[in-house]
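Undergrad: Attaching a single structure in structure tokens format; questions to follow.
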Amino acid sequence: RNCDWSSDVCSSDLIKTVLLDMDGTLLDLHFDTHFWLEHVPMRYAEKNSLSIEASKKELYGRYKEVEGTIEWYCIDHWSRELELNIVQLKKEVHHLIAVHPHVRDFLDAVRQSGRRAVLVTNAHSKSLDLKMKKTELGAYLDATHCSHDFGLPKEQPQFWEKLQEAEPYNPKTTLLVDDSLSVLRSAQSYGIAHLLAVYQPDTKNPPKDVEDFEAIDNFKELLPVPPFTEG
């Protein structure tokens, strides 16, 4: 379902705080998709004298075992487990890090309206640092919170309680934009009232099924509509 209350984000009393995911929401998920599904298997194959096919089969299985847990998002975990320097490997393909269209305009509009624009990510701090340096999005945000700081991923409803201690917000007047349906369901169960999914987190992949959630194609849909004036 498309979002049908775009102008409310920056003009309505319904929303006081805007929580934003990073990978797949503000940033194109293509970097992460390529990194974990192609680049890491390639380097792992080289290190362990495996074929690409064997490397992918092994790694995809290991990813699946911890999917949705804090370990899945932890660079230190994978550096230890795979005996690879994950930060260095990310730097090898950091040219693929890209901001989704209209993100900066949207963040500007949110802050100019007096609302807080807060990044809430499962990404490890080392990955966050790399991406913020590349995109310079930090200047557009009021605060940044990593799930690793709380010891819980966003998929756990208790995460939102811990976040509230660090970033006071009223769930009834908060909007969360996230490309992960499991994260949106977690936030919904905690009581966050306004939830938006993203149709195309990875621009190289087709749009996804967002189930019952409202969703956006891009952040232009959430920008305030300029007043109509007769010319």
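Undergrad: Between residue 77 and residue 204, how many nm apart are label points set 7 Å from Cα along the C-beta direction?
TA: Those two pseudo-labels are separated by 2.4 nm.
Undergrad: Using packing as a proxy for protection, rank 110-119, 55-64 so that the peptide with the highest average count of other Cβ atoms within 10 Å comes first.
TA: Working: 110-119: 17.8, 55-64: 14.7.
Highest-to-lowest ranking by the protection proxy: 110-119, 55-64.
Undergrad: Report, ordered by chain and residue number, the lysines lying within cross-link reach of residue 154, taken as a straight Cα distance under 22 Å and ignoring same-chain residues fewer than 8 apart.
TA: 16, 64, 126, 131, 162, 172, 208
Undergrad: Test of understanding: what is the full-extension gain from residue 38 to residue 66, defined as 0.36 nm times their sequence separation minus their Cα-Cα distance?
TA: 8.2 nm
Undergrad: Tell me, what is the per residue accessible area of region 55-125 in Å², probe radius 1.4 Å?
TA: Accessible surface, normalised per residue, equals 49 Å².
Undergrad: On full extension of the chain, what length is gained from residue 173 through residue 95, given 0.36 nm per residue of separation minus the C-alpha to C-alpha distance?
TA: On the way: separation 78, 0.36 × 78 = 28.08 nm, distance 3.67 nm.
So the chain would gain 24.4 nm between residue 173 and residue 95.
Undergrad: Can you give the log10 of the normalised intensity I(q)/I(0) at q = 0.07, 0.16 Å⁻¹, computed with Debye over equal Cα scatterers of the chain?
TA: Evaluating at q = 0.07, 0.16 Å⁻¹ gives log10 I(q)/I(0) of -0.24, -1.15.
Undergrad: Using a Gaussian network model of the chain with C-alpha springs under 10 Å, which one of 49, 147, 186 is most mobile by mean-square fluctuation?
TA: So, out of 49, 147, 186, the one fluctuating most is 49.
Undergrad: Right, something else. Give me the percent of accessible area attributable to carbon and sulfur for region 83-207, probe 1.4 angstrom.
TA: 46
Undergrad: Same structure, new question: Residue 94: net charge of surrounding residues, Cβ under 10 Å, Lys/Arg +1, Asp/Glu -1, itself excluded?
TA: Spelling it out: positives minus negatives among the neighbours equals +4.
Undergrad: A follow-up question, please. If DNA, RNA and ligands are ignored and the probe is 1.4 Å, what is the ranking of 142, 129 by accessible area, most exposed first?
TA: So, going from the largest accessible area down, we get 129, 142.
Undergrad: Measure out, as a whole number of angstrom, how far apart the alpha-carbon centroids of region 25-75 and region 159-231 sit.
TA: With region 25-75 and region 159-231 each reduced to a Cα centre, they are spaced 27 Å.
Undergrad: Fully extended, how many nm does the chain gain between residue 85 and residue 14 (0.36 nm per residue separation, minus their Cα-Cα distance)?
TA: Residue separation times 0.36 nm, minus the Cα-Cα distance, leaves 21.1 nm.
Undergrad: Quick one: 3J(HN,Hα) in Hz for region 34-46, Karplus 6.51/-1.76/1.60 with θ = phi - 60°, rounded, Gly and Pro as x.
TA: 5, 4, 7, 8, 10, 6, 4, x, 5, 5, 5, 5, 4
The values are calculated or read from the model by the stated rules, or taken from the named source; none is laboratory data. Computed from a predicted structure; not experimentally measured. Backbone-built Cβ (ideal geometry, glycine too); neighbour counts: all protein chains shown. Note: accessible area is taken over every heavy atom of the protein model, side chains too, but ligands, DNA and RNA are not part of it. Shrake-Rupley method; radii C 1.70, N 1.55, O 1.52, S 1.80 Å.
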